1. Check the straight Cα-Cα distances from K6 and name the aspartates and glutamates below 14 Å, setting aside those fewer than 8 residues away within the same chain.
2. Which number do you get for Rg(Cα) / (2.2 N^0.38 Å) in the range 2-138?
3. Identify all lysines with a Cα-Cα distance to K2 below 29 Å; exclude those on the same chain that are fewer than 8 residues away in sequence.
4. Taking R0 as 35 Å, what FRET efficiency do you get between V103 and H81 from their Cβ-Cβ distance, rounded to the nearest 0.05?
5. Would you mind getting me the FRET efficiency between N20 and I46? Use the beta-carbon distance for r and R0 = 22 Å, nearest 0.05.
Amino acid sequence: MKSYRKELWFNTSGRRSFINITSQVSECLRESGIEEGFVLVNAMHITASVFINDDESGLHNDYEKWLEKLAPHEPVSQYRHNLTGEDNGDAHLKRQVMGREVVVAITDGRLDFGPWEQIFYGEFDGGRRKRVLVKIIGE
Ligand code: ZN
């Protein structure tokens, strides 16, 4: 069995953003030389997500509005977590809803996606360097 590990780094300027990382994960798969197996992609921070969905700007706008309704950033005083001196209580909740990781099957050396599936990094507390782990196992 082969094994491959890589960290992808991000430093988004705004507080929140969605980045399509499918081509970076595909590049990892190419580097790994693995033809059959699985790839795990997970955010290594508790205020960021990795998820799979459509690369459609309207949908991303809908996510942003929906998440702000569920867990508005302001007022920051509404979150007990922010009593620690942080202001990212909302970001922890948004990450929980959008998920920590995805697993994708690898078949014939390719990501075995369903129609329109793409992998995204979801940032909810940006403005600093953060990582995503790519772990591939197979043969
Ligand atoms: Zn926090």
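Read-outs: derived from the displayed coordinates by stated rules, not from any lab. As the structure is a computational prediction, the values presented were derived from the model and not from experiment. Cβ placement follows ideal geometry from the backbone for every residue including glycine, while neighbour counts extend to all protein chains displayed.
1. Reachable aspartates and glutamates: E27, E31.
2. 1.12
3. Straight-distance partners of K2: K130, K135.
4. 0.75
5. 0.50
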